[in-house]
Amino acid sequence: MQKSQILLVGAAATILIVLVAFGRTVPHSDKKAMPTATHMHEGQEGKSIAFDDLLASAKQKVPADKLMSIARLENIVRGDVKNQQIAAYKQLYASWDSLNQLPIAAYYLGESAKLENSEKSLTFAANLFLEHLEHAEDPAVMNWETKQAITLLDKAITLSPGNDSLKIKQALLYMNTEPMVGVQKLRDVVAANPDNAEAQITLANLAIQSNQFDKAIDRMESFTQKHPEEAKAVFVLAEAYRGKGDVKKAVELLEKCKTLVKDPSLKAEIDSYIRSIK
């Protein structure tokens, strides 16, 4: 999974290291990570900053000469000539990016992408929001960025309805605002393509986080029977058994997982994890 797709509920610290190495299915463990779905429901959900407020605050830190240039571009985007608007939005993106105001820069690139209406430009703009979400601290800004990225991905999915990666990326974003919508979107991907490892593993991981270990086991047992070489799936299956209390089975699966990876340092991390749960 790409690094932008890290917006799931938290997992035990011991599992983070290995899953990060495989490809992320859980969030960073640092203090600046995107809040979990649980945390959002504890008071952050629905609190979203208005873009005008975000922009006004940022402008207070901008030199006067730069503000004049920005104002000229803002006048162009209010016009009705599409090509001029696209060019001006991209210039606004570059201006705010140079000022290290990444959410605002991403917004303007997103507006440009909406006018261009191509999957590539829409996805690129959504990814800018996702990159900043890794480091953002203000919940209101994070909620706004999440919604912006969801909207951009909606448009990209409309243009490329068969792109499961986009659907999964959007589903993970929903996990921080409307978790059940995110889960349903993942289920829709699996219903259409049962062999999609990313969606299957993510659903199993979510089941583990909600202590639904039997559900996770059923899903991963079925998947690994068809895809026994999928190391991430074997690892998550092991974690489901560990959560259920069957440490012996978990260790057996972790030993199998070791045979599926080639990186010596990763094998060592798995060994360390095995020792920690015995």
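The values are calculated or read from the model by the stated rules, or taken from the named source; none is laboratory data. Please read all numbers here as calculations on a predicted model, not as lab measurements. With ideal geometry, Cβ positions are generated from the backbone for all residues, glycine too; neighbour counts draw on all protein chains shown. Surface areas here come from the heavy atoms of the whole protein model, side chains and all, with no ligands, DNA or RNA. Shrake-Rupley method; radii C 1.70, N 1.55, O 1.52, S 1.80 Å.
Some observations on this one:
- Carbon + sulfur, % of accessible area of the range 119-278 - ligands and nucleic acids excluded, 1.4 Å: 50 percent
- FRET efficiency for the pair residue 72 and residue 195, taken as 1/(1 + (r/R0)^6) with r the Cβ-Cβ distance and R0 = 45 Å, rounds to 0.30.
- Cα gyration tensor shape of the range 60-150, rounded if a/c is under 1.5, else prolate or oblate by comparing a/b with b/c: oblate
- Segment residue 244-residue 163, extension gain: residue separation times 0.36 nm, minus the distance between their alpha carbons: 25.7 nm
- Label-to-label distance, nm, for residues given as residue 263 and residue 62 (7 Å Cα→Cβ offset): 4.1 nm
- If the segment from residue 210 to residue 138 were pulled out straight at 0.36 nm per residue, it would be longer than the present Cα-Cα gap by 23.3 nm.
- One decimal place: the segment residue 120-residue 47 gains 23.3 nm when fully extended, by the rule 0.36 nm per residue minus the C-alpha distance.
- Sequence ranges 263-269, 138-144, 121-127, 244-250, ranked by mean other-Cβ count within 10 angstrom, highest first: 121-127, 138-144, 244-250, 263-269
- Three-way shape call for the range 133-229 based on the alpha-carbon gyration tensor, with the a/c threshold at 1.5: oblate
- Cross-link pairs exceeding 27 Å in C-alpha to C-alpha distance, out of 258/278; 90/169; 215/248; 66/114; 90/147; 82/167, comprise 82/167.
- Approximate spin-label separation residue 80-residue 188, in nm, with each point projected 7 Å along Cα-to-Cβ: 3.5 nm
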